[in-house]
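The values are calculated or read from the model by the stated rules, or taken from the named source; none is laboratory data. This is a predicted model, so every value here is computed, not measured. Here the Cβ positions follow ideal geometry from the backbone for every residue, glycine too, while neighbour counts run over all protein chains shown.
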């Protein structure tokens, strides 16, 4: 198989949550455990850091990776979803997994008995990641939870430390309809006698995590805004929380990597984009004439943070290119968006994308007015054609909307 054929197989043949939604969700660790056993349990051959939560877990994982890279460590990083290329999900020191390894892995899988498991895209991709990290003998791998925690494929690892960012009402059809219920699912990554770094979050979520940590005899440390951290190279104001969370996690990790010092953290945080390749977080595509920014904010808390920062900026008119997916709590998110902006409604080119006429209809109910477009690119081009030099164009609503712009 060629690499393009492998991608076609991964995307078309395996159920992929980020594309099709609920049909791809497999609430069990059995497939992942079987895949890892077939591979000789590579997840047991590497040291790991497990990062969960709702918003910010990807940024936090990248910040931790950047600091450890600056300390000279060989660092694996597994995140999702990807924005441009599948290989973004699996990196070592910022370099993507090779096309050859991906192709060879999928061929091995197709020739194995594991094909009868009919794993999901995420299950197979995670197995690929830990196999690659073990093969390349990374010193540490940062593993981002896909969704939830307790039943997420990544939860087969035994990490040095668990990191939890925050809890927001997202994926409620799988994780529960209240913050404590969702937090209980996410607390599933906390392992006995394993340190836990707790980010800044709602008291009701924090209480769940602390109770679980105490039950399992885990040392834990809480983040707070009084903690002074090095400057972060990521521009979004919301990165302050993630920077603090990553900072306290690194202080706890330092017990295992004593060569890590404040200079490494400072360098890693400042140069996180160059070191890890993170994209899509308050991504400045054009600094002026007009300002163009893309942000992957897609749920209630994420959107709140994005528009809090928008409200602090100076511009003449706000143009918003908006595309969302079909399983979000749309009314809560749309109610947070400004009515004085002009909207360019669109649908990302994935099955899970929300049909543009449904998005526009629901948006109109919340007083949001604009035009409908057949694609993200058409919407973006229309926004650029309409905007004057003093205006601001924001692309947001989902990872996939931003991905098509990038």
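Structural remarks
- Residue list for the stretch 117-145, filter: part of a loop (DSSP other than H, G, I, E, B), in contact with a helix residue (DSSP H, G or I) (Cβ under 6 Å, 6 or more places away or on another chain) and over 27 Å from residue 217 (Cβ atoms): 119, 120
- Among the helices (runs of 4 or more DSSP H) confined to the stretch 265-353, the ones with at least 1 residues that are within 30 Å of residue 229 (Cα to Cα) and modelled with pLDDT under 95 are located at 300-310.
- Filter result (buried (at least 19 other Cβ atoms within 10 Å of the Cβ), in contact with a strand residue (DSSP E or B) (Cβ under 7 Å, 6 or more places away or on another chain) and part of a helix (DSSP H, G or I)) within the stretch 207-241: 209, 213
- Residues of the stretch 333-348 satisfying the condition of being over 16 Å from residue 395 (Cβ atoms) and surrounded by fewer than 19 Cβ atoms within 10 Å (Cβ to Cβ): 335, 336, 339, 340
- Leading residue by the ranking (surrounded by the most Cβ atoms within 10 Å (Cβ to Cβ)) among those in the stretch 45-56 that are within 25 Å of residue 209 (Cα to Cα) and modelled with pLDDT of 95 or more: 51
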